[in-house]
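Read the structure below first, then the notes.
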Amino acid sequence: MTAPTHTADAWAVILAAGAGARLARALEAAGEPRRKQYLELDGAPLFWKSARTLARIQEVRGLVFVFPPEDLDRMAEAVRELDASEPLGLPRRVCAGGARRQDSVRLGLAELPPGCARVLVHDAARPFASAALARRVLAALAEGAQAAIPGVPVTDTIKLVDAAETVVQTPERAKLRAVQTPQGFALAPLRAAHARAEAEGWDATDDAMLMERAGHRVRIVPGEEANVKLTTPADLALLHPRAAATTPPGPRMGWGYDVHRYLAPGEADPKVLAKARPMLLGGVAIPGAPQVLAHSDGDTLLHALTDALLGIACAGDIGQLFPDTDQANENMPSAVFVAEALRRARAAGYRPVHADLTVIAQTPRLGPHKARMAAQIAHLLELPAEAVNVKATTEEGLGFTGEKRGLKAVAVVTALPA
Ligand code: MG
């Protein structure tokens, strides 16, 4: 009989028996004592995610799940419930695994029914394997391979070391492949290889290794970069990539607030007098206004605007960026602060689309200057004039603004992903 007539008789063995030692320890430390193959992806345990994928393949006629012996009853029930709520339409069997991976595979193979000629062996810790990948493996078997496994070129240089951590050899990278699961095999030679391993005490980290040792040729088919094995706690982030990839970044709103004191009438301290600046708001000179005390040019409105832009960039605040202890910032035009904060917002991937600003001061009267301030800020933000609004208000004689000892300004900037 020719090989292709057997291709329909394939089963898949899904290994969920590994202790996942490193990950399990990390999870337990975090108060989450679950084994890694029971972690969830798309609302189901990892082993079920693999079962869904493999069940979509026409040639796959049944599934064997291998669980840790101590979890078997509980997991058999879980599989029953999952299959009841989301039937895969295939016969399924559940069995207990062994101490090593190869023991678990051997026990899983023992569950396969008569008539099963080929098997896919898959690690539940590789939930991202695609159906297309499994089909490539089965196609290689259909073409006559006894063993077919997915492999990807390695990007790291791999060193062979001895017990003293001294490099013994550097294999040529172009000839190396990192191999994955599902691995596909003709069942009879795989069973025979496992039997020999058992009888002769072989240790193997995958089934292909046993087939090699038993003298079979193992064919590599193209693997998938995304088909990673979840091994470390950092890998858990991979369980939620879909949300990250498909949720577009939303708009951001930055808020800024600033206060400056006025030069008090009759002030005589030369240090204070040295900090007095003619009032600038939004880059516009306000003639006849009280002088403002500042290290920079004292433009309260542009300082609030700068902080709003830094809020969009999540880049801290103006004091961090331009400390007033830095001589370089002495008398600095505040437009420079705005330009730098705008650059940072853009570098963070956001494009400001609207700014709404308010100056709070008892004096001077700002009504006549609002339009020019808005126009100047629109210019700084490279926005149309109608996208910027400047308001002015008093605090009814209350507080430091009411007492004409200073002024404050607030700014809100809205930005969209660039
Ligand atoms: Mg300031």
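Just so you know, all these numbers are worked out from the coordinates, no wet-lab data involved. Small disclaimer: the values here were computed from a predicted structure and weren't measured. So basically every Cβ, Gly included, is an ideal-geometry build from the backbone, and we count neighbours across all protein chains shown.
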Inset, instruction - Return a yes/no flag: does the range 64-80 have any residue that is under 19 Å from D207 (Cβ atoms), part of a helix (DSSP H, G or I) and among the aliphatic types (A, V, I, L, M). - result: no
Inset, instruction - Residue by residue through the range 124-136, note down the ones that are crowded, with 18+ Cβ neighbours inside 10 Å and touching a helix residue (DSSP H, G or I) at 6+ places or on another chain (Cβ under 8 Å). - result: A124, A125, R126, P127, F128, A129, A134
Inset, instruction - Among the residues of the range 307-319, count how many are assigned to a helix (DSSP H, G or I) and more than 10 Å from the ligand (Cβ to nearest atom). - result: 6
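Where residues in the range 247-306 are assigned to a loop (DSSP other than H, G, I, E, B) and under 35 Å from the mean Cα position of the chain (by Cα), which of them is nearest to the ligand (Cβ to nearest atom)?
P251
Does V353 satisfy the criteria of being within 16 Å of the ligand (Cβ to nearest atom), outside any helix (DSSP H, G or I) and aliphatic (A, V, I, L, M)?
For V353, the condition - within 16 Å of the ligand (Cβ to nearest atom), outside any helix (DSSP H, G or I) and aliphatic (A, V, I, L, M) - is not met.
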